[in-house]
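Report on the structure given below.
The values are calculated or read from the model by the stated rules, or taken from the named source; none is laboratory data. Computed from a predicted structure; not experimentally measured. With ideal geometry, Cβ positions are generated from the backbone for all residues, glycine too; neighbour counts draw on all protein chains shown. Quick note on the areas: whole protein, heavy atoms, side chains included, nothing else; ligands and nucleic acids left out. Shrake-Rupley method; radii C 1.70, N 1.55, O 1.52, S 1.80 Å.
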Amino acid sequence: MKKKFILVNRSILDFDVFREDFHKLVGDLKPELFEMVSKYGFELVKVGKQSEFRRKVVFYNRQFDMQLTIVAKKQRPPEFV
């Protein structure tokens, strides 16, 4: 059975539209995020996709021996209706 609708904050949304919007938002934030962290001397270490609604990016700053991990994810597991 194909998943057609997802429940988000008590609203029923089209699953395909929700998925596209999620990925578009994450994609739109990437360039700004990369620009900001590089300004502070961070370098990209890893870009990961753990699941459909979870993206992870890891940066590292050698001068401060600091790792910065940024995760974009759906807060709760998807509920389908």
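Things to note:
- Cα-based values for the chain, radius of gyration first and Dmax second, are 15.9, 52 Å.
- Restraint check, Lys39/Lys74; Lys4/Lys56; Lys4/Lys74; Lys3/Lys46; Lys3/Lys24, Cα-Cα greater than 22 Å: Lys39/Lys74; Lys4/Lys56; Lys3/Lys46
- Annotation: per residue accessible area for the chain equals 81 Å², rounded to a whole number [probe 1.4 Å, protein chains only].
- Distance between modelled label sites at Ser38 and Val17, nm, 7 Å Cα→Cβ extension: 3.6
- Per residue, the average separation of C-alpha pairs within less than 8 Å and at least 6 apart gives the chain a relative contact order of 29 percent.
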